[in-house]
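Here's the structure we're looking at; comments come further down.
The numbers here are math on the coordinates, done by the rules we state, and not lab data. These figures come from a predicted structure and were not determined experimentally. In this analysis, Cβ positions are derived from the backbone assuming ideal geometry, glycine residues included, and neighbour counts consider all displayed protein chains.
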Amino acid sequence: MSRITSAQKIAAAKAEGRPALIAYLPAGFPDAATTIEAAVAVAENGVDIIEIGIPYSDPVMDGEVIQQATTAALADGFKVNQIFEIIQGITSRCDAAVMVMTYWNPVLRMGVDEFSRRFAEAGGAGLITPDLVPDEAGEWLEASAKYDLERVFLVAPSSSAQRVEMTVAASSGFVYCVSVMGVTGARSEVSSAAQGVVAAAHAAGAEYACVGLGVSKREHVEEIGAYADGVIVGTALVAALRDGGVPAVGALAAELSGSARA
Amino acid sequence: MSTSDGSLKNASGPYFGQYGGRWMPESLMAAMDELTRTFEDAKNDPDFIAEVRELNKNYSGRPSLLTEAKRFGEQFCGGARIFLKREDLNHTGSHKINNVLGQALLAKRMGKTRIIAETGAGQHGVASATAAALMGMECVVYMGAEDTRRQALNVARMELLGATVIPVTVGSQTLKDAINEALRDWVANVDSTHYLLGTAAGGHPFPALVRYFHQVIGDEAREQILEQAGRLPDAVTACVGGGSNAIGIFHGFLDDAGVEIYGFEAGGDGVDTERTAATITLGRPGVLHGAKSYLMQDEDGQTVESHSISAGLDYPGVGPEHAYLADIGRVHYEAITDTEAMDAFRALCRTEGILPAIESAHALAGTIKVAGRKIAAGAKPQDVVIVVSLSGRGDKDVHTAAEWFGLLDDAQDQAADAQEGK
Ligand SMILES: Cc1ncc(COP(=O)(O)O)c(C=O)c1O
């Protein structure tokens, strides 16, 4: 099976003259089967790339909504092993690129090589690593090359030019541009810092730069889409899933992608 | 890591063998770089060094005493000579002040006006609030909601000192979650704010930086024991939570090959139970709060909650330099149970008139064992010399100890609970 990569999906969106839409959903919230259903629902409603988050005991980059969801998943007994079935379940049912967003210790614990191998076998495209910087990523650079996985590192408004350059060079697929100095969470406006971060990433040679943190509305997607290659939505979708289940998350994806029919 | 001349002293990081580094979000890298630069500059600035010395001397009350615990040595250590490094006599009652004064000065140097800190029992929070008050800075302390209830008096102390205490209600609501919450605050406010980490853990440069401000413990102790005993000790002991008092005193003796060094972790109910905080004894390498080190984690890499009667040792991680010193065998790490620690606590109270912090009582319990082994192996008791880091005083622990020893009858219990706001 040839895996669908995030770069392919971003290129396809670009060809249609729009930014790629990237959706974050936490694994095992409220349960593994629903994670798959929710992912398929967003893919059917205009989402190009799905990020499945691995629940972790110490999620320092997450705000309250995502923390509560992942804490609930852990309390319900989520196991890292389940991530592979979830990825497989999604990739077998839709043609979105499927990534995993994970804090690094769970991967380290399983073994970077083993995790990468099983993830690739399940059809996953690559990993987004919020608390792993390229400086510490030796093992991951090796494993991602071996299993042909995309490496999505983050750049922030505070990143020096030198660090942006280093991070872009280490990344593949796309570069995750953090829109704001802060943690995940829906915000009413998207920080103006985002545009500068994207410009810095492009200037450093990033083919694709996508923006995340704080995006919750269609107008944000349009605004960011004017300068970025993709737009990442997390908290708003998690809140929709929490409050209205799979139909609500599908409806929000449709609205965000502009595919909702009036 | 050892330098080319084989010295273990002044290890600069970022790595200590395979441990240490910066396993943390990119958003914080600029702040960590700025802190590293500021620290490296300050270390070489005579004015900064003089300022730290002056505060240590005329504010904290350094040098702290080295007191020979004769009756404790005779009655509990088979007659070995035990010397206590009296960090309990520092202003605010523990070694924590050494680090907060130094870091607060660094924060000022960086032009930051706001300090944030995590705290478990409240010792580091109180010390941070103290430094912030002294230097006219805003201070916010994150504390697990459960701990704010158990340590209501320390919450009041911090508030009296002008700090804001924020109860952390997410995750397990303990010290590790307080650190997570402080990190989230830092990401959002990094321009104005310095995160004053309270132990020798975290991403680079924190382990080396926190050690630097605590090295004074070991430097003084080495000089004092040479003067009082006329020679280097056979062993140096300390309790290990994140490892700051321990690395501070160890540093003075790391290059003295004849000095055995022991770190005592909190064993809780015992290392064969689930209620323990013996990170090096039971943990395996992983990353948490910015550093690779030993970590109490499950088979999925999720952090496991720790348990100890001592809030200051109740942490599932440990500083990376300790992980390295354990691996190369320079320092021996062992676990002490709650019961062993509390027996040693009472022993010191009764023989020396010194109420130790329960954290420090772990070092005392370990010292009793080390002395016993040396004598059992044939050493003449009066020839055995051990220096113990008495990292803090036990005033904060009176309620816990009184409960442990059943000194509170029901009425007193209720009164104390009411006072603590339970
Ligand atoms: C008196 C005392 N000793 C020891 C510790 C443990 O910290 P560390 O291992 O960093 O010295 C604490 C922490 O609160 C403490 O208050």
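Secondary-structure-derived ellipticity at 222 nm for chain A, considering helices only, amounts to -14500 deg cm²/dmol, per-run term -39500 (n - 2.57) for DSSP H runs with n ≥ 4. Converting the Cα gyration tensor eigenvalues of chain B into ellipsoid dimensions via √(5λ) gives semi-axes, longest first, of 30, 26, 21 Å.
The residue among B:Gly79, B:Leu8, B:Ser94 whose Cα reaches farthest toward the positive pole of the charge dipole of the stretch B:2-97, with charges on the beta-carbon of Lys, Arg, Asp and Glu, is B:Gly79. For the stretch A:6-260, the spread of Cα coordinates along the three principal axes comes to 43, 42, 32 Å, biggest extent given first.
Label sites at B:Asp327 and B:Asn58, each approximated as a point 7 angstrom past Cα along Cα to Cβ, lie 4.5 nm apart.
How many percent of DSSP beta bridges within the protein assembly as shown run antiparallel, rounded to 5? Just about 20 percent of them are antiparallel.
Per the Kirkwood formula applied to alpha carbons, the protein assembly as shown shows a radius of gyration over Rh ratio, Rg over Rh, of 1.01. Here the gap between B:Lys9 and B:Glu146, fully extended at 0.36 nm per residue and compared with their Cα-Cα distance, gives a gain of 45.5 nm. Using only side-chain charges placed at the Cβ, +1 for Lys and Arg and -1 for Asp and Glu, the dipole size of the protein assembly as shown relative to its Cα centre rounds to 960 debye. Note on the stretch B:14-170: Cα Rg divided by 2.2 N^0.38 Å, N the number of residues, gives 1.23. Residues whose amide H lies under 5 Å from that of B:Glu68, counting only those 5 or more places away or on a different chain, are B:Leu84; hydrogens are built 1.01 Å from N in the peptide plane. With 0.36 nm allotted per residue and the present C-alpha distance subtracted, the A:Ser92-A:Ala169 stretch has 24.6 nm of extension available. Residue order for B:His362, B:His307, fewest other beta carbons within 10 angstrom first, comes to B:His307, B:His362.
In the Gaussian network model of chain B, springs joining C-alpha atoms below 10 Å, which of B:Pro46, B:Pro320, B:Pro207 carries the largest mean-square fluctuation? Result: B:Pro46 has the largest fluctuation of those listed.
Note on B:Thr119, B:Thr273, A:Thr129, B:Thr92: ascending count of other Cβ atoms within 10 Å places them as B:Thr273, B:Thr92, A:Thr129, B:Thr119, the fewest first. Measuring r between the beta carbons of B:Asp255 and B:Glu34 and using R0 = 30 Å, the FRET efficiency lands at 0.45. Each label was represented as a point 7 Å from its Cα along the Cα-to-Cβ direction; for B:Asp191 and B:Arg231 these points are 6.1 nm apart. A straight Cα-to-Cα reach below 17 Å connects B:Lys9 with the lysines B:Lys43, residues fewer than 8 places away in its own chain not being considered. Overall, the stretch A:6-260 carries a charge dipole of about 120 debye about its Cα centre when +1 sits on the Cβ of Lys and Arg and -1 on the Cβ of Asp and Glu, all other atoms neutral. Take every pair of alpha-carbon atoms less than 8 Å apart whose residues are at least six positions apart; their mean separation over the length of the stretch A:6-260 yields a relative contact order of 23 percent. Over chain A, with a Gaussian network built from C-alpha contacts below 10 Å, which listed residue (A:Phe115, A:Phe29, A:Phe153) shows the highest mean-square fluctuation? Maximum among the listed residues: A:Phe115.
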